[in-house]
Amino acid sequence: MDVILKQDVKNLGHADDIVKVKNGYGRNFLIPQGMAILATESNTKIMAETLKQRAFKAERIKNEAIALSEKLKNITVKIGAKVGTSGKIFGSVNAIQIADAIKKQFNYEIDRKKITLDEEAIKEVGTYTAKLNLHREVSVTLNFEVIAE
């Protein structure tokens, strides 16, 4: 019996794979649990169209991420922070502040979860770098400068 997997099944396959299973396993476990559907001709055509549309959307999102990475490649973001007399800032600079600074200065919306800092905690004035993971295959290094307010 051929079935189309709706989700990843351990030791069997990934979502949207067409796999051959024994009749009892497919009829009594996979299909009732909602993990698979029968691989009929119409279901196979529907799955092929869905994969085609999903690939098109993924390609568009990847192209947008590449375009944004080209824009962000050569910019330096300035982040203001309150500084004590010894040159140390109160608190530390984190991904949220970097995302807000990018939004204010360049009007690019970056999710804070996609920003990873090279150093653990930034507690001094200076120039640093952060890595922006815009897509699974697209990342860019962003320079930012912490300045005293």
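Read-outs throughout are calculated quantities, based only on the coordinates presented, and are distinct from any laboratory measurement. Note that the coordinates shown come from a computational prediction; the quantities given were computed from them, not determined experimentally. We place every Cβ from the backbone using ideal geometry, glycine too, and count neighbours over all the protein chains shown.
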### Query
Per-residue ellipticity at 222 nm for the chain, helices alone: DSSP H runs ≥ 4 residues times -39500 (n - 2.57), over residue total, nearest 500 deg cm²/dmol?
-10500 deg cm²/dmol
### Query
Relative to the Cα centre, what is the charge dipole magnitude of the chain, using +1 at the beta carbon of each Lys and Arg, -1 at the beta carbon of each Asp and Glu, and rounding to the nearest 20 debye?
260 debye
### Query
For Lys10 and Asn107 in one chain, what is 0.36 nm times their gap in residues minus the Cα-Cα distance, to one decimal in nm?
30.6 nm
### Query
What is the packing order of peptides 140-148, 17-25, taking the mean over residues of other C-beta atoms within 10 Å and listing the highest first?
140-148, 17-25
### Query
Each label point is 7 Å from the Cα along the Cα-to-Cβ direction; what then is the distance between the points at Asn28 and Thr141, in nm?
5.9 nm
### Query
Glu149 to Asn133: extension gain in nm, 0.36 nm per residue of separation minus the Cα-Cα distance?
2.9 nm
### Task
Whole Å is fine, so just give me how far the alpha carbon centre of segment 73-111 lies from that of segment 34-48.
49 Å
### Query
Placing +1 at every Lys and Arg Cβ and -1 at every Asp and Glu Cβ, with all other atoms neutral, what dipole size does segment 21-97 have around its Cα centre, in debye to the nearest 20?
240 debye
#### Entry: Given Lys71/Lys123; Lys78/Lys114; Lys57/Lys78; Lys20/Lys62; Lys88/Lys113; Lys62/Lys104, the pairs whose alpha carbons are separated by over 30 Å
Lys57/Lys78; Lys20/Lys62
### Task
Express in nm, to one decimal, how much length is gained between Lys57 and Ile75 on full extension, taking 0.36 nm for each residue of separation and deducting their alpha carbon distance.
3.7 nm
### Task
With just the Cα atoms of the chain, tell me how far they stretch along each of the three principal axes, in Å, largest first.
75, 28, 18
### On Cα atoms only, tilt of 41-72 relative to the major axis of the chain in degrees
10 degrees
